[in-house]
1. For region 237-246, state whether one or more residues are closer than 17 Å to residue 76 by Cβ and assigned by TED's automatic domain parsing to the domain that holds residue 133.
2. Going by the conditions given, is residue 105 under 24 Å from the mean Cα position of the chain (by Cα) and either loosely packed, with under 13 Cβ neighbours inside 10 Å or assigned to a helix (DSSP H, G or I) (or both)?
3. Pull out all pairs, ordered by first then second residue, where Cβ-Cβ is under 6 Å, the residues are six or more apart or on different chains, the first lies in region 300-324 and is in contact (Cβ under 8 Å) with a residue 60 or more places away in the chain, and the second is part of a loop (DSSP other than H, G, I, E, B).
4. Hey, among 393, 376, 281, 301, which residue is more than 23 Å from residue 91 (Cα to Cα) and either assigned by TED's automatic domain parsing to the domain that holds residue 220 or at pLDDT 85 or above (or both)?
């Protein structure tokens, strides 16, 4: 192979790996995808990806004589819309609709593409996510309204400090701290509200439930370095969120002690789960930057995951129900991938995120520290662990 051509092809594969990592793709999927693309463009290579860096090694004839690229990167934020567009480009190159040279030109533009939705649309998705989550797990109307208000406050805080590097690093402490203060003040006025629960709903976008599940799947696939580091990072984020929430509630309790509820909360109707799941699924599409014309497929994935898990859980129990929910959404996403020639992970991620027990882990940490349950009858630590295992097994 001509040296210049060889250099262009290796650069393309490296840029592809960097782009996939920035979209939040799991390490073992990136490595597998880059291996397939390398063979497609006539290269031989080995790849090692972790959340904070990656190594690419290429060779032509002698495997020992390698060209190695090492790069330090920041952990990527999940962007399924961009991941879908990149996969479409690779598929177009594979089928011959797009030449390799055109693909090399288009890839940097896709990797650096601006978000599809405005800041205020993203803020709306934050608010809907927290409110829909509250409606799913609580029957009290005030819990939902207060969760919506706290989600709006959390997004405004995120919007104001995201450009300030030092302050942005404290966001995962400041957001639950302010939510805890405001929720405790509301409770001190005699309004019936579940303070720990509305705090959880307001910071739901920061709960690393998906990261915990991805970490478990990477460890089960024997990608131990990536999985272990991702697991430690997710646990650390949970502890920061819990610390901020406890500090906020503790400080506010000294200034505004809780009183017996005077204003009782109304109850939500029995059919609340259906609109809550649909709204939550819609907000996830915006959060993951998926084009509006493709949102319906993600909403279907979320509905399949949730209602399959709920139906099977009523028959076989919670853990087995989550296994069947993950299995159902995995079958659906793979069928869609074969028909539409799209990445199955885009739909499976949206479905699984409704099942991931990240919020359950947060509730358990809160119970261990404070001694009180966020929701009566919440799961034990062993059940939470088995929930993660059942999701990984179902996928």
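1. Checked region 237-246: at least one residue is closer than 17 Å to residue 76 by Cβ and assigned by TED's automatic domain parsing to the domain that holds residue 133.
2. Values: under 24 Å from the mean Cα position of the chain (by Cα): no; either loosely packed, with under 13 Cβ neighbours inside 10 Å or assigned to a helix (DSSP H, G or I) (or both): yes.
Against the criterion (under 24 Å from the mean Cα position of the chain (by Cα) and either loosely packed, with under 13 Cβ neighbours inside 10 Å or assigned to a helix (DSSP H, G or I) (or both)), residue 105 does not qualify.
3. Filtered contacts from region 300-324: 322/355.
4. Details: 393 fails: either assigned by TED's automatic domain parsing to the domain that holds residue 220 or at pLDDT 85 or above (or both); 376 fails: either assigned by TED's automatic domain parsing to the domain that holds residue 220 or at pLDDT 85 or above (or both); 301 fails: more than 23 Å from residue 91 (Cα to Cα).
Matching residue, one of 393, 376, 281, 301: 281.
The values are calculated or read from the model by the stated rules, or taken from the named source; none is laboratory data. Bear in mind that the values here come from a model prediction, so they are computed numbers and not experimental data. Glycine gets a Cβ as well: all are built from the backbone with ideal geometry, and neighbour counts include every protein chain shown.
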